[in-house]
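Encoded as structure tokens, the structure appears first; notes follow it.
The values are calculated or read from the model by the stated rules, or taken from the named source; none is laboratory data. No experiment lies behind these values; they were computed from the predicted model shown. Positions of Cβ are backbone-derived with ideal geometry, glycine not excepted, and every protein chain shown enters the neighbour counts. Surface accessibility is based on the protein's heavy atoms, side chains included, excluding ligands, DNA and RNA. Shrake-Rupley method; radii C 1.70, N 1.55, O 1.52, S 1.80 Å.
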Protein chains: 2
Amino acid sequence: MTVPTPIVDALPPMRVAERLGRLREQFDVAGIGALLVTTGANVRYLTGFSGSAGSLWVDGSRAVLLTDGRYRDQAPAQVASAGVDVEVVVTGAGQPSPLRTLSVHVAEVGLEAGSITWSEQRGLAQVLDSEAVFTEGLIEGLREVKDDGEVARIEAAAAVADAALAAVGPTIAAGAVEADVAAALDHAMRTGGAADRAFETIVAGGPNSALPHARPGPRPLAEGDLVVCDFGAVVDGYRSDMTRSRRVGGTGIGPEAEMLAAVLEAQAAGLAIVAAGVPAAEVDAACRAVLAEAGLADAFSHGTGHGVGLDIHEGPGLSSSATGSLRAGQVVTVEPGAYVAGLGGVRWEDTVLVTDDGHRPLTGSPKVL
Amino acid sequence: MTVPTPIVDALPPMRVAERLGRLREQFDVAGIGALLVTTGANVRYLTGFSGSAGSLWVDGSRAVLLTDGRYRDQAPAQVASAGVDVEVVVTGAGQPSPLRTLSVHVAEVGLEAGSITWSEQRGLAQVLDSEAVFTEGLIEGLREVKDDGEVARIEAAAAVADAALAAVGPTIAAGAVEADVAAALDHAMRTGGAADRAFETIVAGGPNSALPHARPGPRPLAEGDLVVCDFGAVVDGYRSDMTRSRRVGGTGIGPEAEMLAAVLEAQAAGLAIVAAGVPAAEVDAACRAVLAEAGLADAFSHGTGHGVGLDIHEGPGLSSSATGSLRAGQVVTVEPGAYVAGLGGVRWEDTVLVTDDGHRPLTGSPKVL
């Protein structure tokens, strides 16, 4: 067993240092003089710190990362490596929180209401010498548009997942057990250089394929089953997301073959219009129109896609209710599906970079009918 | 590749049906007429439903599980299998929430403040026709004492992890890469019948072993390194937790050997006094006394243990600040460690069942010096 030279060493750096400034530009509109960042992925985005415990105080002039003794060495090293202007303070049990002192001169401190618990919010309201202000999505909005270093990481994760499917794909045959195939994909991604799987890998065959969020189980695949494999890898914190579908024993003819083709055509229709400036809802509508034509309108029971980055699901959403337009630098999935009880399911998904005049695919496994 | 007959089929059932009644007994003291359960593990505990999206309304007479279309079949099947008196309501986007109707006759509805976000709490306050009441730990308290079916699941998970270490242990040698060993343990647990790893597996060698929460990396193990392996499996939602430490190439003599022995002695001292009625803090103190004797008081930088069940960390905590006493049926870890920069780290951890007159170990891998 060998792990390749860490993939991340060969990747271009991310522009972490400029992110704090872009966050501060939003303070006035949000009605805050400071933000307490408690969402792990947001702390990482702003500082480079990847530990499991840390919160980041950001006011107009200072940024202070509060963490515990476990990260005494790691936190300053990662902050320095990211080149950001962030002080690190190691807090300990029984010590007074530095937050009271930090908040003395700030009237309104934003909290991240989408991830902080009600209990934590109550506790912080006691600690802060300021009004706690409800905020949502300030940093998540910034994270939607990726820089080149981020795109390179998602692309590297996608390449690891592609290689895993190339290795494991031939085992997806009659008699193979869903849970085994999923474990093999995960293992191939780990030994192929991924830090981890991007989410719980889905391998769903036969009746399970008709469930968009099936968990792999003990059922062996049978000849003629539709099989949906939805998985991704993590490289340096960034995730990829891809789904490939097939029919065990060959596509053949009949309703399974028609569904495989119809959903692939729907995905192609969606991908064809992805470009900066295009309303996200139009991509969803393009996929949906093809499936309606094929009589599968009701079988497509979820949205068409989502942003991917430090989180597997982030902005923008690509659904019928989406209100915004795509922007260059966003990384999104396009993943129409069709699920029919008694027949099975199909989903085709790629992760793509939105560009000014179209898109660039980051996932690359063949889509074979 | 084959997955064994699902382990869970051979396990005794859990007594799920009685749990709602035990929850309702707490309503008066909590000052609520109903509780909206939004923590996934708590929903599963009360209903048997294991899907990723679901909340449970519990009032004095009704229990209603709200989930979405993905779980239209799974939710009623799991609720029926658990034998609980729970109605399932499938909600859809754009439909009015059933919560307003449910809450019409209840003046005070508890929310789970330890997991619900501030944003969700605000949204629910709009939906509920009642006062939203801050509650914490109502169900987590019930979950601390396990029934026989729960213990059997944790024990089955522990057995899978034991088998994984037996298979992978011989590869833990000079030149082996931390990340590879971790991936191999995870793969062995998955192919051995686990639904998943219980948490991100730790394999930490040499300098990394001195970090209690190291992540496995690309470093190859070297002769003489201390190595800490901390991992567990999931069976039917229940987790195990175990840590084994060793020295690459053999324990030998010197400070590494002394640390391996001292921490093992500390663990034995802690385990020796585990029994119903013993203050949890005394178990911590027993471990700490042995390490102080060995000059390692400052090197033991975390608490001695925690409960294990549907979550990898749950009550009770076994630390110097713990206030309660152990109860029969609790499943806890005893895991003293010592971490010395420049030398490395050691941790010995077992998951054990607290009994009236002592404990029964659930993890069983040999502890070899």
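Once the cut-off is 40 Å, how many percent of the Cα-Cα pairs in chain A end up in the long-distance tail? Result: 22 percent of Cα pairs exceed 40 Å. With R₀ fixed at 45 Å, the C-beta to C-beta distance from A:Ala107 to B:Arg22 puts the FRET efficiency at about 0.45. Annotation for A:Ala53, label-to-label distances across the other copies: 3.4 nm (shortest first, one decimal, point 7 Å from Cα along Cα→Cβ). Taking a straight Cα-Cα cut-off under 19 Å and skipping sequence neighbours fewer than 8 places away in the same chain, the aspartates and glutamates within cross-link reach of A:Lys367 are A:Glu155, A:Asp162, A:Asp225, A:Asp230, A:Asp241, A:Glu256, A:Glu258, A:Glu265, A:Glu335, A:Glu349, A:Asp350.
Shielding value for B:300-308 is 1, the average number of Cβ atoms from other chains within 10 Å of each residue's Cβ. Give the distance, in whole Å, between the Cα centre of region A:114-174 and the Cα centre of region B:317-361. Region A:114-174 and region B:317-361 have Cα centres separated by 33 Å.
Counting only protein heavy atoms and a probe of 1.4 Å, the accessible surface of the protein assembly as shown is 54% carbon and sulfur. So for region B:1-105: antiparallel DSSP bridges make up what percent, rounded to the nearest 5? Close to 65 percent. Net length available on complete extension from B:Ala292 to B:Ser81 is 70.9 nm, with 0.36 nm assigned per residue and the Cα-Cα distance removed.
Considering only beta bridges that DSSP places wholly inside chain A, some 75 percent are antiparallel. Using C-alpha pairs under 8 Å with a sequence gap of at least 6, the mean separation divided by the residue count of chain A gives a relative contact order of 15 percent.
Largest GNM mean-square fluctuation among B:Glu87, B:Glu120, B:Glu136, using chain B with Cα springs under 10 Å: B:Glu120.
Inter-chain Cβ neighbour count for B:114-125, averaged per residue, equals 5 (cutoff 10 Å, partner chain atoms only).
Between 0 and 90 degrees, the angle of helix A:178-191 with respect to the longest Cα principal axis of chain A falls at about 50 degrees. Computed with a 1.4 Å probe on the full set of protein chains, the accessible area for B:Ser319 sits at about 30 Å². Phi angles across region A:234-248 convert, under the Karplus curve 6.51 cos²θ - 1.76 cosθ + 1.60 with θ = phi - 60°, into 3J(HN,Hα) values of 10, 10, 6, x, 9, 10, 10, 8, 8, 10, 10, 10, 7, 10, 5 Hz, Gly and Pro given as x.
Relative contact order, whole percent, for region B:214-305 stands at 19, derived from Cα pairs under 8 Å and 6 or more residues apart.
What's the buried accessible area, both sides, between A and B using a 1.4 Å probe, rounded to 100 Å²? Accessible area lost upon association: around 3200 Å². Each semi-axis of the equivalent ellipsoid for region A:234-334 is √(5λ) with λ an eigenvalue of the Cα gyration tensor; in descending order they amount to 26, 18, 10 Å. To the nearest ten degrees, helix A:280-293 and the longest principal axis of the Cα atoms of chain A are 20 degrees apart. Label positions at B:Asp356 and B:Gln95, each projected 7 Å from the Cα along the C-beta direction, are separated by 4.9 nm. Across the identical copies, the label point of B:Arg360 (7 Å from Cα in the Cβ direction) is separated from its matches by 6.0 nm, in order from shortest. Here the chain B residue lying nearest the rotation axis onto A, judged by its C-beta and given with the distance in whole angstrom, is B:His187, 2. Taking all protein chains as shown and a probe of 1.4 angstrom, B:Lys146 keeps an accessible surface of around 20 Å². Seen against the Cα atoms of chain A and their longest principal axis, helix A:255-273 is set at about 40 degrees. Which of rounded, prolate, oblate describes region B:148-361, given a ≥ b ≥ c as roots of the alpha-carbon gyration tensor eigenvalues and a/c under 1.5 marking rounded, otherwise prolate only if a/b is larger than b/c? Judged from the Cα gyration tensor, region B:148-361 comes out oblate (a/c at least 1.5, b/c at or above a/b). Eigen-decomposition of the gyration tensor built on the alpha-carbon atoms of region B:6-143 gives equivalent ellipsoid semi-axes of 24, 18, 13 angstrom, largest listed first.
Which residues of region B:175-197 show a drop of at least 30 Å² in accessible area when all protein chains are present, compared with their chain alone (probe radius 1.4 Å, heavy atoms only, ligands and nucleic acids excluded)? So the qualifying set is B:Asp180, B:Ala183, B:His187, B:Arg190, B:Asp196, B:Arg197. For chain A, the solvent-accessible area works out to 39 Å² per residue, with a probe of 1.4 Å and every protein chain left in place. Accessible area per residue was computed with a 1.4 Å probe on protein heavy atoms; B:Glu314 scores about 30 Å².
For the protein assembly as shown, the alpha-carbon radius of gyration amounts to 0.96 times the rule-of-thumb value 2.2 N^0.38 Å expected for a compact globular protein. Across all Cα atoms of region A:16-79, the radius of gyration (one decimal) and Dmax (whole number) stand at 11.7, 36 Å. Positive contributions from Lys and Arg (+1) and negative ones from Asp and Glu (-1), summed over other residues with Cβ under 14 Å from the Cβ of B:Arg246, come out at -2. With the label put 7 angstrom out from Cα along the Cα-to-Cβ vector, A:Ala292 ends up 7.5 nm from the copy partners, going from closest to farthest. Hull volume per residue, based on the alpha-carbon atoms of region A:171-287 and their convex hull, is 122 Å³. Distances between placed amide hydrogens fall under 5 Å for A:Asp236 paired with A:Ala195, all partners being 5 or more residues away or on another chain.
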